[in-house]
Amino acid sequence: MTTTTYPVTGMTCEHCARSVTEEVSRIDGVTGVDVDLAGGSVTITSTSELAEADVRAAVDEAGYTLGTR
């Protein structure tokens, strides 16, 4: 298992958190998603390391921006 935290900008409410969670959960290998609204981040647990481009695409699809780690 791999756990990685990424900064995400633009999230302000629980709806934002749900949108990011839903999109990131669709990435192959993701087993858990934890969005921290106050900290502006998403922590992803997966079976193997994810390609940052895949995470960025999922966060973009949800309507937010993935920052740099």
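The values are calculated or read from the model by the stated rules, or taken from the named source; none is laboratory data. Nothing here was measured: the structure is a model prediction, and the numbers come from that model. Note: ideal-geometry Cβ built from the backbone for every residue, glycine included; neighbour counts use all protein chains shown.
Please tell me if GLU52 is in contact (Cβ under 8 Å) with a residue 12 or more places away in the chain, surrounded by 13 or more Cβ atoms within 10 Å (Cβ to Cβ) and in contact with an Asp or Glu (Cβ under 7 Å, 6 or more places away or on another chain).
Here the answer is no, as GLU52 does not meet what is asked.
For region 1-15, name all the residues that are more than 13 Å from ALA58 (Cα to Cα) and touching a residue at least 24 places away in the same chain (Cβ under 8 Å).
MET1, THR2, THR3, THR4, THR5, PRO7, THR9, GLY10, MET11, THR12, CYS13, listed by residue number.
Determine whether ALA51 is over 11 Å from the mean Cα position of the chain (by Cα) and under 18 Å from MET1 (Cβ atoms).
The answer is yes for ALA51.
Inside region 15-46, can you point out the residues that are touching a helix residue (DSSP H, G or I) at 6+ places or on another chain (Cβ under 8 Å) and among the hydroxyl-bearing types (Ser, Thr, Tyr)?
SER19
Could you tell me whether any residue of region 14-29 is part of a strand (DSSP E or B), modelled with pLDDT of 95 or more and in contact with a strand residue (DSSP E or B) (Cβ under 6 Å, 6 or more places away or on another chain)?
no
Can you tell me how many residues within region 7-42 are among the hydroxyl-bearing types (Ser, Thr, Tyr), in contact with a Ser or Thr (Cβ under 8 Å, 6 or more places away or on another chain) and surrounded by 15 or more Cβ atoms within 10 Å (Cβ to Cβ)?
The number of residues fulfilling the criteria is 1.
Would you check if there is a residue in region 37-49 being without any contact (Cβ under 8 Å) to a residue 40 or more places away in the chain and part of a strand (DSSP E or B)?
The answer is yes, given that some residue of region 37-49 is without any contact (Cβ under 8 Å) to a residue 40 or more places away in the chain and part of a strand (DSSP E or B).
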